[in-house]
Amino acid sequence: MLPVVAVVPVVAAVVDVNLTQEENNMSSKNFEVKAYPEMWAELDMDVPRFDKARQMLGEVYGKMYLSQVNRPEKMAYFDNMVSEIFGGRIKEMLEVKKTGKPIVGTFCVYIPEEIVVAAGGVCVGLCGGSAGSIPDAEKILPRNICPMVKSAYGFKAGRICPYFQTVDFVYGETTCDAKKKTWEILDRLVPTYVMEIPQMKKARDRALWIEEVKDFKAKVEEVCNKEVSSFDLAGAIKVINNKRKALQRLTALRAASPAPISGKDALLIEQIAFYDEPVRFAEKVNALCDELEERVVAGEGVIGVEAPRIMVSGTPMALPNWKIHNLLETAGAVVVNEESCIGTRYFKDLIDEQQTEMDRQLDALTDRYMQIDCSCFTPNDERVEQVLKEYRSSKAQGILHYSLQFCHTYNIEEIKIREMCEKEGIPYLSIETDYSPEDVGQLQTRIEAFLEQIRG
Amino acid sequence: MHIGIDLGSRTIKVAAFRDGVLVDQQLVESGFDPYGQAMALIGKYDSGRIVATGYGRHLAAEHFAHEVITEIKAHALGARHFYPECRTIVDIGGQDSKVISLGENGRVVNFQMNDKCAAGTGRFLEIMAASLGFRLDEFGAAALESSAEVGINSMCTVFAESEVISMKNRGLPVKDIAMGVHLSVVNRLVGMLNRMGYGEQVIFSGGVARNPCIVRLLEDRLEKATVLTPSEPDLVGAMGAALYAAEN
Ligand code: SF4
Ligand code: SF4
């Protein structure tokens, strides 16, 4: 049956309530992403169109997530975060904004969110993980660039992302070419600043980097009209360290066999890390980890010990990009690690909390950020070592390298990861794909064959 | 009875074994109703264990197959049955091409499939044959009459087709253009093989293995390897599935 919305596309508020109920009855799982049409209208969004996206997200989530068996109970909080993704969380951010605190949108884990948090503001990841906004982007951007960049740009161009509509400004970076040049175009739609991220990690690069961090701090301070004190920064460093530690704890628990949580659920949590309030988020992740610890002790898992354990490594998977995890787990595997920016690259390193003086704090902060091993750097051999380390610690049985289409740096670095796997005898599959569904059949075959190879 | 069914994108193949001996084989076009076709093929046998492979394997599993395996595994099993020593399989079907490497024990150790496009597949040859005015089954023989080295540079089917058309319009002999088309498929394949490495025997399966020009070019370009084509190259996957049914 066609959803009602296809027939009555444009009437906003009143109809929405009906649609919501309708959907409630239609969805077997009773899951929905909540609608806040008045708020969206105030944010100058394309409400009718966005409402369709909202419904679709709810349906997909119901199908992919709520149909999973043996889910930990504490996933309920994260289900709710998805349900409130376009509402409750936006409301909270708008409350913060009302007090004059900065709301900053970012696209890369190199932008130090500690500084935004120190200013009392909110830092939110805006990377796009949906095919739905790509046609908006392709009206102006070239087609043959990374889908994550196109998706994100399309969300702004189409006015179909409440986060984008809420931010004071966007802080981009000079990591890959696709992003670097898109900022110039994005700046026409939303104020966009750029942090120069060097391409190497020499002493002079570090010197530049620190200057860039200071510029970022100044920009954040400009919005709230208040200087960030070293006391504020110390507090923020703790808050974000705690968030990262909670995610480290979750990752460590996934090493258990049977795996206590699905890869899909863990990926979702890693995605939510980019838009949730950090203190609450850490608390909820820790509460979930308590439950997972009990499971591990009791030898309970989401799937039996015979399920092949896969580690995914490569480019980030932005919400709602669950394509590969869904294919892997539908085929009977369990994903036990994401070596990715929406994954361990985001939380494996912490900032030294001992520093009390601003300059030393910024040094410590920069040192931490310089440890991130993104393929945009050359050389970047520490990533190859890191992949092997995580492969071992997660007790995975194979590595799936994931590269977004047209991401040159990851696609080329894939060679080194593959060579390492060959040398170590690690079963390995490399996939390059975008957000479109057209290659799902072929990916399914390749993934199933990979699992057959591991099962023997 | 142990039955293997390979539901490919263009054709459906069935192989049936009894006590380790191939007793029946069938091949039909998938047509508009692959499920109906498959049911009709399977209906021929009163009983038996059915293993499905190919793009339609999951559909088969929903309705009649007892188990599914991927084309990769099916080809490995099928090829090994006929060539117990082989370590490399090249399969070119209607919509995809793949190279499979086996370990000494016959297990799959690595494989590669072509990406999202038709270049280097049976479909590519079919489109090119049509635009040059050949029937598919005469295309290879026609190309073999040429000794020219015409290069087709486009990897994409759509661009390659316009390249072919402009060559025709420039007055190049069609047999030379046909050779160029075959060369482009083989070069791509040899690239895949070189990247992965290959054994002394390269087993060539899939419908395209019936094309004499592709076979010849592949032999020429693979040093130190013999290209072996099974007598029924399209049936290797179905046979592998049937053998799997027998084993498990
Ligand atoms: S992959 Fe590189 S550029 Fe992309 S978010 Fe991660 S660190 Fe930034
Ligand atoms: S995935 Fe690659 S191309 Fe895409 S934004 Fe990240 S670094 Fe750039």
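The values are calculated or read from the model by the stated rules, or taken from the named source; none is laboratory data. Since we're looking at a predicted model, the values are computed, not measured. Methodologically, a virtual Cβ is constructed for each residue, glycine included, from the backbone with ideal geometry; neighbour enumeration extends over all protein chains shown. For accessibility, only protein heavy atoms count, side chains too; no ligands or nucleic acids. Shrake-Rupley method; radii C 1.70, N 1.55, O 1.52, S 1.80 Å.
Listed values, structure above:
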{"read-out": "Count of residues meeting criterion [within 13 Å of ligand 2 (Cβ to nearest atom), assigned to a loop (DSSP other than H, G, I, E, B) and over 25 Å from A:V239 (Cβ atoms)] in segment A:117-169", "value": "7"}
{"read-out": "Helices (runs of 4 or more DSSP H) contained in segment A:319-370 and holding at least 3 residues modelled with pLDDT of 95 or more and within 16 Å of ligand 1 (Cβ to nearest atom)", "value": "A:344-347, A:358-370"}
{"read-out": "Residue that is farthest from the other protein chains (Cβ to nearest Cβ) [pool: residues in segment A:403-434 that are in contact with a Gly (Cβ under 7 Å, 6 or more places away or on another chain) and touching a residue at least 40 places away in the same chain (Cβ under 8 Å)]", "value": "A:Y410"}
{"read-out": "Test: A:A218 is within 29 Å of A:A152 (Cα to Cα), more than 16 Å from ligand 1 (Cβ to nearest atom), more than 14 Å from chain B (Cβ to nearest Cβ) and of a type in the set (A, V, I, L, M)", "value": "yes"}
{"read-out": "Subset of segment A:360-395 [of a type outside the set (S, T, Y), within 30 Å of A:L451 (Cβ to Cβ) and either touching a Pro at 6+ places or on another chain (Cβ under 9 Å) or within 16 Å of ligand 2 (Cβ to nearest atom) (or both)]", "value": "A:D373, A:C374, A:N380, A:R383"}
{"read-out": "Cβ-Cβ under 9 Å pairs, at least 6 apart or on other chains, segment A:153-180 side within 14 Å of chain B (Cβ to nearest Cβ), far side within 16 Å of ligand 1 (Cβ to nearest atom)", "value": "none"}
{"read-out": "Some residue of segment B:75-84 being within 14 Å of another protein chain (Cβ to nearest Cβ) and aliphatic (A, V, I, L, M)", "value": "yes"}
{"read-out": "Index of the failed condition, A:A449 passing every other in (1) away from chain B (no Cβ under 14 Å); (2) among the hydrophobic types (A, V, I, L, M, F, W, C); (3) buried (at least 22 other Cβ atoms within 10 Å of the Cβ); (4) farther than 22 Å from A:G129 by Cα", "value": "(1)"}
{"read-out": "Enumeration of residues in segment A:181-199 that are closer than 14 Å to A:C127 by Cα and within 12 Å of ligand 2 (Cβ to nearest atom)", "value": "A:T182, A:W183"}
{"read-out": "Among the residues listed as B:I72, B:I50, the single one being at pLDDT 90 or above, in contact with a helix residue (DSSP H, G or I) (Cβ under 8 Å, 6 or more places away or on another chain), over 26 Å from B:T226 (Cβ atoms) and not assigned by TED's automatic domain parsing to the domain that holds B:E200", "value": "B:I50"}
{"read-out": "Which numbered condition A:A35 fails, given (1) in a loop (DSSP other than H, G, I, E, B); (2) small (G, A, S); (3) modelled with pLDDT of 95 or more; (4) surrounded by fewer than 16 Cβ atoms within 10 Å (Cβ to Cβ)", "value": "(4)"}
{"read-out": "Unique match (being in a helix (DSSP H, G or I) and open to solvent by 50 Å² or more (accessible area, probe 1.4 Å)) among B:A209, B:A242, B:A238, B:A246", "value": "B:A246"}
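Here is a yes/no grid of residues against (1) more than 16 Å from ligand 1 (Cβ to nearest atom); (2) more than 21 Å from A:I342 (Cα to Cα):
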{"site": "A:Y402", "(1), (2)": "no, no"}
{"site": "A:L429", "(1), (2)": "yes, no"}
{"site": "A:S436", "(1), (2)": "yes, no"}
{"site": "A:D439", "(1), (2)": "yes, yes"}
